[in-house]
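To start, the structure itself, in structure tokens.
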Amino acid sequence: MRAMVLERPRTPLVMRERPAPEPGSGEILIEVAACGVCRTDLHVVDGELPNPKLPIVPGHEIVGRVAALGAGVAGLAIGERVGVPWLGFTCGVCPYCRSGRENLCDRPLFTGYTRDGGYATRALADARYCFPLPERRDDAEVAPFLCAGLIGWRSYRMAGAGEGTAAEGTGPQALGLYGFGAAAHILAQVAAWQGRRVYAFTRSGDDAAQAFAKSLGAVWAGGSDEMPPEPLDAAIIFAPVGALVPMALKAVKKGGRVVCGGIYMSDIPSFPYRLLWEERQVVSVANLTRAGAREFLTLAPQAGVRSEVTRYPLEAANEALADLREGRLQGAAVLIP
């Protein structure tokens, strides 16, 4: 098998030939058809996340087919199409796992970070953390759902949305999305489908991203340094820029919530207490739960969600990461082995 491997943080990935692994008990071997390139991969490669398993094969938005089954695997078949997300294992016994919060597990494993991921022709995964996928969508178009979609959905739920629609008066009516990348371009479609008013915030002067946001249902798009035309009920920050937190607090109304949707963010600058006063809230999102993933993967086709992707061959993984780092993408990047 071929794999793009990170041997040391802040160095380019290198192509390596490896023997195909054998699935252990409870594992499956996947023939990778597509793997999304996520900003979290960039944080791993750039050394912004601590203690990765090294060398590591990045990638946690995997779409592929079951090539082999380990002992004890039930409910999956050879040749079946599956998706593999960021959360690759939880202990099942810590207080968080026992209380239905496996996303906060004390002893988790993460695909492409602490266990090898999908920047490869084959990948191992714990069968319990894989999701059967329908056949009717292109592999590359589905791949961003496995993190951008799932973390976007969890952030959306944390913002008070997800259940019901704006017409029913449930959840935020005016929703701001800061950083219009892979997650926001998926979530904007869900929110617009539910009748919410979506306000998209991009890098200042990024006319292409703002036009892209409007094409996906945003009622307004502007720079992240601008105020929206109306106060927001909630805002979700996907860009890893701490300075956006006080900007978003300034944009939300009394009782509004600002959700930080990334695993990494630069330091949040000090800001006057008056921005937080009147029961505004700032919360973060960590990882995903399998229940939340199944919820989103069921809803996405109902909402007609499509993902805009740029395809790269596996050996161009460094180019894809550079394009993501420099903001040269609309939507998501996907590697095709």
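The values are calculated or read from the model by the stated rules, or taken from the named source; none is laboratory data. Keep in mind that what you see is a predicted model, and the values were worked out from it rather than measured. All Cβ positions, even for glycine, are placed from backbone atoms using ideal geometry, and neighbour counts span all protein chains on display. Heavy atoms of the whole protein, side chains included, go into the accessibility calculation; ligands, DNA and RNA do not. Shrake-Rupley method; radii C 1.70, N 1.55, O 1.52, S 1.80 Å.
Observations on the structure shown:
- The stretch 260-284, residues that are closer than 19 Å to D46 by Cβ and not in a loop (DSSP other than H, G, I, E, B): C260
- Residue count for the stretch 290-337, restricted to those that are open to solvent by less than 20 Å² (accessible area, probe 1.4 Å), more than 16 Å from E141 (Cβ to Cβ) and either without any contact (Cβ under 8 Å) to a residue 24 or more places away in the chain or part of a strand (DSSP E or B) (or both): 1
- Among the conditions (1) hydrophobic (A, V, I, L, M, F, W, C); (2) exposed (fewer than 13 other Cβ atoms within 10 Å of the Cβ); (3) at pLDDT below 95, W277 misses just one, which is (3).
- Of the helices (runs of 4 or more DSSP H) that lie entirely inside the stretch 139-248, those containing 2 or more residues that are open to solvent by 40 Å² or more (accessible area, probe 1.4 Å) span 139-142, 148-158, 207-215.
- The set of residues from the stretch 81-133 being free of Cβ contacts under 8 Å to residues at least 40 places away in the same chain, touching a helix residue (DSSP H, G or I) at 6+ places or on another chain (Cβ under 9 Å), in a loop (DSSP other than H, G, I, E, B) and hydroxyl-bearing (S, T, Y) comprises just one member, T90.
- Looking across the stretch 50-76, the residues that are surrounded by 18 or more Cβ atoms within 10 Å (Cβ to Cβ) and in a loop (DSSP other than H, G, I, E, B) come down to P52, V57, P58, G59, H60, E61, V73.
- Positions within the stretch 77-95 being surrounded by 18 or more Cβ atoms within 10 Å (Cβ to Cβ) and more than 15 Å from I28 (Cβ to Cβ), in sequence order: W86, L87, T90
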